[in-house]
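Here is the structure we will look at, set down as C-alpha cells.
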Amino acid sequence: MSFSVEKIAQLAYLSLTDDEKKSFDTQFKGILSYVDQLQKVPMSAEEAKAMGEFHISSAFYKQLGLSPSITLRDEDQMEEVNSLTLTNEEALSNAPQTGGIPGELLFEVPSIISK
Amino acid sequence: MGRLSQLRDDLKNKKIRLTEVYDDLIVKIKTRNPQVNAYLEVFEEEMRARTKILETEASEAAPLAGLPIGIKDMISMKNHVVSASSKILEGYRAPRSATVTEKLKKAGAIFTGRLNCDEFAMGSSNENTSFGAVKNPVDLARTAGGSSGGSAAAVAAELCVGSLGTDTGGSIRLPAAFCGIVGMKPTYGRVSRSGVIAFASSLDQVGPFADDALDCAEILQVIAGRDARDSTTMPVPVENYVAAAKNGSLKGLKIGLPKEYFISEGVSPEIVKQTQAAIEVFKKEGATIKEVSIPHTEYGIAVYYLVATAEAASNLSRYDGIRYGKRAKDFASMKDLIIKTRSEGFGAEVKRRIMLGTFSLSSGYYDAYYSKAQYVRSKIQNEFLNALKEVDVLFAPVTTSTAFKIGEKVNDPLAMYLSDIFTVSINLAGVPAIAFPIGHDSKGLPIGGQFIGGPFQEAKLLAATAGFEKAHPITKAKLACQ
C-alpha cells in the first residue's frame, strides 16, 4: 500500500509545510496500518458493488415496516421547503468579497480564464 | 430533581423571578467560564432582552419557557456567529436558524451562548480548537472530553440547565461521561440536522446534555421529529419521552451485555469495577441480564476512521474561501486562493481527517478501504439490530478511562482515536444511546455507562436511565471551579 502525503494533500486542496508533511507521514503510517485490519474481513465483488447503495436508514425502514417512498415530500412539506429561500443580501452576507450592485450582489473571485 | 425541571417548577410556582435567575446565571458564567472555557460567546444582552420580554409575556404553554440552554458551535442560530470552532469560519453569521434551535426558541428556551467544541466536531478531548481547550469542571487540569466538551462542561459547571451537542462517533456520550452528566445520541433520523454544520452526514446526530434523564427528555421532546428540511429524518411518531422518564424503572427490563464491550485490556480497572457494580444494581432492581454479541466490534474504529473521514472530506470541500468564511490574503490564482485558504484555515486534526478520507475514496483504494469499511459497517448494524431483538436495551461502558490530562494524547492521534472504542459502533449502526453517571474513580472523576437501544427506542433508554437514577442516585462530583 503506497500512500503519498503530498499527492493526497493535492487532491484535498491542501498545501503542507515540511514539518506537517513529516509528522503526517509518520501518523498516517500508524493509522493506515491500524485500519488495514479490515483486510481480514472477506468481501466479494458483488458485496463491494452493493455498498454503493448502502444507506444507514434502509434497515430502519425495513424493521419498522415503513416505505422509504414516504420520504417523497407532500405538498405542505414542499411549500415549507420552497419557502426557505435566501434573498440576494442574505446569500452574500458572509461573502469575503462582493461586486455588483445591492440586490444583485455577486461573489468576487480571481479570474479563472486568463485573457 | 435536575436543575432544568427544578427551575421550571420554581418559575411556574413564582418562587423565583426570571430576571433574578439570569442575573445570577450571568455572574456565574463570568466567574466560571474563564476557568472552564466552555463558552466561546455569551449572549448577555440577548439573555437580558429575552427575560424582559418573557417576564411580561409569560407563556405557560411553552414547555421550556425561560430556561437557559447552551448551543454547540456547530448549530446555527439566525444572525449569530457559528464557526465550528474553526478559523476558517471565523465571523460567519448564520442566515438561518437550524431546525432544532428554531424549535427550542418556539418552546420558550433562552440561548445562553455558543459552546466551545473540537474543530468541525473532530476530536475526543476538545483540545482541537484555536480557542483553547475546555477544562473539566471537576478537575481543571483534565479534558472535558470531546467533541462537545463545551456543551458538557457548561451543564456540569451549572452555566446553563441544558445544552445541545452533536454526536458523530461519541461526541456527546464521551464528554457526558467525563463530566458526570447525562448525554444522549438519538437514533439517526430522529432529530433534524438542517442548519447543523455537517461533519459526517450518515453519522451526525444532535442530542441533549442535562443533569438527568428527565431533563434530557424535556429537551428531546422539543427537538425530535420529522423535518421537511432534512430528508434523512424519518416519519416515526415522537413518543412521550417525559412520561417515559417520569415513570422509568429497571424492573422487568431485559438488559443485554455485548461481550465485546466487557474487556479489561486497555480499560481502566475502576471503570470495569463500576460497570460491574451497575449491573448488580440492575439485577437487584429486577432486571434480567443476557449476554449478547456484536462480533464485528473490533473493527469499529477502523471502519469509523474510514467512513467518517470520507464523508468529512466531502463535506469540508465547501470551505474554499469563495462564498463564506475566511479567504487567504495573497494568492496567485483561483486554485491558489482555495489551497491557501484551506491550509491556513483548518487545524491539524481536520487536515488529517480530510486527507484520510480523501485517501479512502481515491482511485485504486476505494474498494479496499471505503467499500470494505461500509461493508463491515453494514455487518455491525445488523449485529446491533439482531442483538436488540432479544432484549429491551444493551448496557456498556462509554470510555476506556476517566478524564485524561490536557495534553496527554494530543501528540498521538491513534491513541486519541482509540478513546472512542465503545462509542463509534453505535453511530455506525445509527441506533440511539444515552450516557449517564454510574460512579466515580478513586480521584473523584466521573464514570459513565451507556444504554443502547433499537431504532427510535429513545423512550426505553430514558426510562431505563431514570430507573437507574432512582435506584442508585450518584452524588454529583465536587466542582473544581469556584
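What the table shows:
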{"item": "Filter result (crowded, with 16+ Cβ neighbours inside 10 Å and within 18 Å of B:G300 (Cβ to Cβ)) within region A:4-40", "result": "A:I31, A:L32, A:V35, A:L38"}
{"item": "Qualifying residue in region B:418-425 (condition: closer than 26 Å to A:K29 by Cα, of a type in the set (A, V, I, L, M, F, W, C) and part of a helix (DSSP H, G or I))", "result": "yes"}
{"item": "Within region B:226-243, considering residues that are in contact (Cβ under 8 Å) with a residue 40 or more places away in the chain and within 16 Å of A:S57 (Cβ to Cβ), the one farthest from the chain's Cα centre (by Cα)", "result": "B:V236"}
{"item": "Among residues of region B:84-133, those that are surrounded by fewer than 24 Cβ atoms within 10 Å (Cβ to Cβ), farther than 23 Å from B:I219 by Cβ and within 14 Å of another protein chain (Cβ to nearest Cβ), counted", "result": "7"}
{"item": "Single residue of region B:288-311 satisfying the filter (at the interface with another protein chain (Cβ under 9 Å from one of its Cβ atoms) and buried (at least 18 other Cβ atoms within 10 Å of the Cβ)) that is farthest from A:A91 (Cα to Cα)", "result": "B:H296"}
{"item": "Subset tally (residues that are farther than 16 Å from B:V431 by Cβ and touching a Phe, Trp or Tyr at 6+ places or on another chain (Cβ under 7 Å)) for region B:160-180", "result": "4"}
{"item": "Pairs with Cβ under 6 Å, 6+ apart, first in region A:48-61 and of a type outside the set (D, E), second surrounded by fewer than 18 Cβ atoms within 10 Å (Cβ to Cβ)", "result": "A:A48/B:D367; A:Y61/A:P68"}
{"item": "Any hit, region B:133-152, residues being more than 20 Å from B:I181 (Cβ to Cβ), more than 12 Å from the chain's Cα centre (by Cα) and assigned to a loop (DSSP other than H, G, I, E, B)", "result": "no"}
{"item": "Tally, over region B:312-342, of residues that are in contact (Cβ under 8 Å) with a residue 24 or more places away in the chain, assigned to a helix (DSSP H, G or I) and either at the interface with another protein chain (Cβ under 10 Å from one of its Cβ atoms) or crowded, with 21+ Cβ neighbours inside 10 Å (or both)", "result": "5"}
{"item": "Residue list for region B:428-451, restricted to those being closer than 23 Å to B:V191 by Cβ and part of a loop (DSSP other than H, G, I, E, B)", "result": "B:G430, B:V431, B:P432"}
{"item": "Residue within region B:163-180 that is touching a Cys at 6+ places or on another chain (Cβ under 7 Å) and in a strand (DSSP E or B) present", "result": "no"}
{"item": "Whichever residue in region B:346-377 is at the interface with chain A (Cβ under 7 Å from one of its Cβ atoms) and farther than 18 Å from A:E53 by Cα and, among such residues, is modelled with the lowest pLDDT", "result": "B:S362"}
{"item": "Residues of region B:403-418 that turn out to be in contact with a Lys or Arg (Cβ under 7 Å, 6 or more places away or on another chain) and among the small types (G, A, S), as a count", "result": "2"}
{"item": "Among (1) among the β-branched types (V, I, T); (2) in contact with a Leu (Cβ under 9 Å, 6 or more places away or on another chain); (3) not in a loop (DSSP other than H, G, I, E, B) - the single one B:T402 does not satisfy", "result": "(3)"}
{"item": "Residue within region B:134-153 that is out of contact with any Leu (no Cβ under 9 Å at 6 or more places or on another chain) and surrounded by fewer than 24 Cβ atoms within 10 Å (Cβ to Cβ) present", "result": "yes"}
{"item": "The lone exception for B:L428 - which of (1) within 17 Å of the chain's Cα centre (by Cα); (2) farther than 25 Å from B:A224 by Cα; (3) crowded, with 24+ Cβ neighbours inside 10 Å; (4) not charged (D, E, K, R) it fails", "result": "(2)"}
{"item": "Residue ranges of helices (runs of 4 or more DSSP H) in region A:10-87 with at least 3 members facing chain B (nearest Cβ under 8 Å) and in contact with a helix residue (DSSP H, G or I) (Cβ under 7 Å, 6 or more places away or on another chain)", "result": "A:18-35, A:58-64"}
{"item": "Failed criterion for B:I263 (all others in (1) part of a loop (DSSP other than H, G, I, E, B); (2) in contact (Cβ under 8 Å) with a residue 40 or more places away in the chain; (3) of a type in the set (A, V, I, L, M, F, W, C) hold)", "result": "(2)"}
{"item": "Tally of residues being at the interface with chain A (Cβ under 10 Å from one of its Cβ atoms) and touching a helix residue (DSSP H, G or I) at 6+ places or on another chain (Cβ under 7 Å) across region B:383-398", "result": "2"}
{"item": "Among the candidates B:I474, B:I438, residue that is away from chain A (no Cβ under 14 Å), at pLDDT 95 or above and crowded, with 24+ Cβ neighbours inside 10 Å", "result": "B:I438"}
{"item": "Hits in region B:12-39 (condition: in contact with a Leu (Cβ under 7 Å, 6 or more places away or on another chain) and surrounded by fewer than 20 Cβ atoms within 10 Å (Cβ to Cβ))", "result": "B:K28, B:Q35"}
{"item": "Flag if B:I26 is free of Cβ contacts under 8 Å to residues at least 24 places away in the same chain, within 21 Å of B:N116 (Cβ to Cβ) and not polar (S, T, N, Q)", "result": "yes"}
{"item": "Residue ID - nearest to B:L361 (Cα to Cα), chosen from residues in region B:371-398 that are assigned to a helix (DSSP H, G or I) and hydrophobic (A, V, I, L, M, F, W, C)", "result": "B:A373"}
{"item": "Odd one out for B:P397 among (1) buried (at least 20 other Cβ atoms within 10 Å of the Cβ); (2) modelled with pLDDT of 95 or more; (3) of a type outside the set (A, V, I, L, M); (4) more than 17 Å from B:S124 (Cα to Cα)", "result": "(4)"}
{"item": "B:A415, sole failed condition from (1) away from chain A (no Cβ under 14 Å); (2) closer than 18 Å to B:V267 by Cβ; (3) small (G, A, S); (4) surrounded by fewer than 21 Cβ atoms within 10 Å (Cβ to Cβ)", "result": "(1)"}
{"item": "Residue list for region A:98-115, filter: more than 7 Å from every other protein chain (Cβ to nearest Cβ), of a type outside the set (A, V, I, L, M) and either in contact with a strand residue (DSSP E or B) (Cβ under 9 Å, 6 or more places away or on another chain) or surrounded by 13 or more Cβ atoms within 10 Å (Cβ to Cβ) (or both)", "result": "A:T98, A:G99, A:G100, A:E108"}
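Yes/no per residue for (1) part of a loop (DSSP other than H, G, I, E, B); (2) more than 14 Å from chain A (Cβ to nearest Cβ); (3) surrounded by fewer than 24 Cβ atoms within 10 Å (Cβ to Cβ); (4) over 15 Å from the mean Cα position of the chain (by Cα):
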site	(1), (2), (3), (4)
B:A198	yes, yes, yes, no
B:L220	no, yes, no, no
B:A245	no, yes, no, yes
B:L257	no, yes, yes, yes
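The values are calculated or read from the model by the stated rules, or taken from the named source; none is laboratory data. No experiment lies behind these values; they were computed from the predicted model shown. Every residue, glycine among them, receives a Cβ derived from its backbone with ideal geometry; neighbour counts consider all protein chains shown.
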